[in-house]
1. Could you say which residue among 91, 63 is among the β-branched types (Val, Ile, Thr) and either at pLDDT 95 or above or in contact with a Lys or Arg (Cβ under 8 Å, 6 or more places away or on another chain) (or both)?
2. List every residue pair whose Cβ atoms sit under 9 Å apart, with the two residues 6 or more apart in sequence or on different chains, where the first one lies in region 62-86 and is farther than 22 Å from residue 25 by Cα and the second, anywhere, is of a type in the set (Ser, Thr, Tyr).
3. Listed residues 29, 84; which is part of a loop (DSSP other than H, G, I, E, B) and of a type outside the set (Val, Ile, Thr)?
4. So residue 51 fits all but one of (1) over 24 Å from residue 25 (Cβ atoms); (2) in contact with a helix residue (DSSP H, G or I) (Cβ under 9 Å, 6 or more places away or on another chain); (3) without any contact (Cβ under 8 Å) to a residue 40 or more places away in the chain; what number is the exception?
5. So, residue 39, is that one out of contact with any Asp or Glu (no Cβ under 8 Å at 6 or more places or on another chain), assigned to a loop (DSSP other than H, G, I, E, B) and within 20 Å of residue 104 (Cβ to Cβ) or not?
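The values are calculated or read from the model by the stated rules, or taken from the named source; none is laboratory data. Bear in mind that the values here come from a model prediction, so they are computed numbers and not experimental data. Note that each Cβ is placed from the backbone with ideal geometry, even for glycine, and that neighbours are counted across all protein chains shown.
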Amino acid sequence: MDRAAGVSDRTRRVEFDRDLTAPQRARRAVTDLLGDGPLADDVRLVVSELVTNVLRHTDGGGVLRLRDSRPDGPVRIEVEDAAAVIPAVPVGHPVGPGGQGLRIVAGAAHRWGVRRTWRGKVVWAELR
């Protein structure tokens, strides 16, 4: 099941299955919420990386939640999945293709992190 829904004019939620078009739909939700511009470009990049990580490293889909708290707060991204494994930024230089997603997230985000949930985990990022 894949649904994009505006919970309010300042939030978006996208549920996605293990589907290779999920990152594209997630980026579309960012554009719907933020429009275009440098911040929206960075948010699209982070969203794409986090959704792609769910597809590459878990057996299922997930949920993307976006919240625009500007002008006083950040744009917050949360991607939840059912996998219990907590990701980390790789140390050293990558040996093969891939493995750079969380480095990209860490470089673009003002803050980011991971929290466990009863279902699995949420990887979140905040951009200003």
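1. Checking each option against the conditions leaves just 63.
2. 85/58
3. Details: 29 fails: part of a loop (DSSP other than H, G, I, E, B).
Being part of a loop (DSSP other than H, G, I, E, B) and of a type outside the set (Val, Ile, Thr) holds for just one of 29, 84, which is 84.
4. (1)
5. Criteria not met by residue 39.
So that you can scan it fast, the table gives a plain yes or no per residue for (1) modelled with pLDDT under 95; (2) under 18 Å from residue 122 (Cα atoms); (3) loosely packed, with under 13 Cβ neighbours inside 10 Å; (4) in contact with a His (Cβ under 7 Å, 6 or more places away or on another chain):
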{"site": "25", "(1), (2), (3), (4)": "no, no, no, no"}
{"site": "35", "(1), (2), (3), (4)": "no, no, yes, no"}
{"site": "38", "(1), (2), (3), (4)": "no, no, yes, no"}
{"site": "42", "(1), (2), (3), (4)": "no, no, no, no"}
{"site": "47", "(1), (2), (3), (4)": "no, yes, no, no"}
{"site": "76", "(1), (2), (3), (4)": "no, yes, no, no"}
